[in-house]
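Beneath this line is the structure, given in structure tokens, with notes to follow.
Rule-based calculations on the coordinates, nothing more; no lab input. Since the structure is predicted, the reported quantities are computational estimates derived from the model, not experimental observations. Note that each Cβ is placed from the backbone with ideal geometry, even for glycine, and that neighbours are counted across all protein chains shown.
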Amino acid sequence: MYPLADLLELGKSPDILWFNPNIHPQFEWDRRLDNLAKVADHYSLKLIREGACLEDYWKNGADEYLKKYSSRCEMCYDMRMDMTARFASEHGYEAFTTTLLVSPYQQHDKIAQIARQRAEQYGVAFEYHDWRGNFRKGQNMARDIGLYRQKYCGCIFSLETSEFREKILKSFEV
Ligand code: SF4
């Protein structure tokens, strides 16, 4: 919520791109996308959906890919920034940014570094913001319109190590 509100306040006209092959299992992928659709409706913004839930890839197929990176999260950031920068370039956008920049739990500087590299590669601007100081404000905004708020980062590994694992698994049964 907060990044979009800030961009609108700055006079930007953002479209929203959903590309999250790292959200597992499918139930959670659907739930987060449904909630993003509510946000898009709330701000009357266009929502573009790309990609699918790649749980098997994360579990079994990513080893080769991972050799290129220092960590699974770096691979994950790069996959998403690569797609976003390429999409922005191919569809005539002036710039792209990412809601990942609001999270104090992510590797902020690494995300910005990767996004800048991909921006340069595809010839599109990366718009950097440090939104972390308004993370709580964003959470309150989400609560105000009744959004589901995630309890783990997204991939199956982050679910397995979450302190809320049992509670999350129960929520999949609803
Ligand atoms: S913990 Fe989060 S950033 Fe890291 S690989 Fe999993 S979904 Fe991606």
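List of remarks:
- Selected residue (criterion: nearest to the ligand (Cβ to nearest atom)) from residues of region 52-74 that are part of a helix (DSSP H, G or I) and crowded, with 18+ Cβ neighbours inside 10 Å: Cys73
- The residues in region 1-26 that are assigned to a helix (DSSP H, G or I), surrounded by 15 or more Cβ atoms within 10 Å (Cβ to Cβ) and not aliphatic (A, V, I, L, M) can be counted, and the count is 3.
- Neighbours by Cβ (under 7 Å, 6+ apart or cross-chain): first from region 72-95, of a type outside the set (Phe, Trp, Tyr); second more than 16 Å from the ligand (Cβ to nearest atom) and part of a loop (DSSP other than H, G, I, E, B): Met83/Glu50; Ala85/Val124; Ala88/Val124; Ser89/Gly123; Ser89/Val124; Ala95/Val124; Ala95/Glu127
- Residue-level check: of (1) within 15 Å of the ligand (Cβ to nearest atom); (2) assigned to a loop (DSSP other than H, G, I, E, B); (3) touching a strand residue (DSSP E or B) at 6+ places or on another chain (Cβ under 6 Å), Leu45 misses just (1).
- Scanning region 1-35 for residues being out of contact with any helix residue (DSSP H, G or I) (no Cβ under 8 Å at 6 or more places or on another chain), within 20 Å of Ala95 (Cβ to Cβ) and within 16 Å of the ligand (Cβ to nearest atom) gives a total of 0.
- Residue count for region 123-141, restricted to those that are part of a helix (DSSP H, G or I) and crowded, with 17+ Cβ neighbours inside 10 Å: 3
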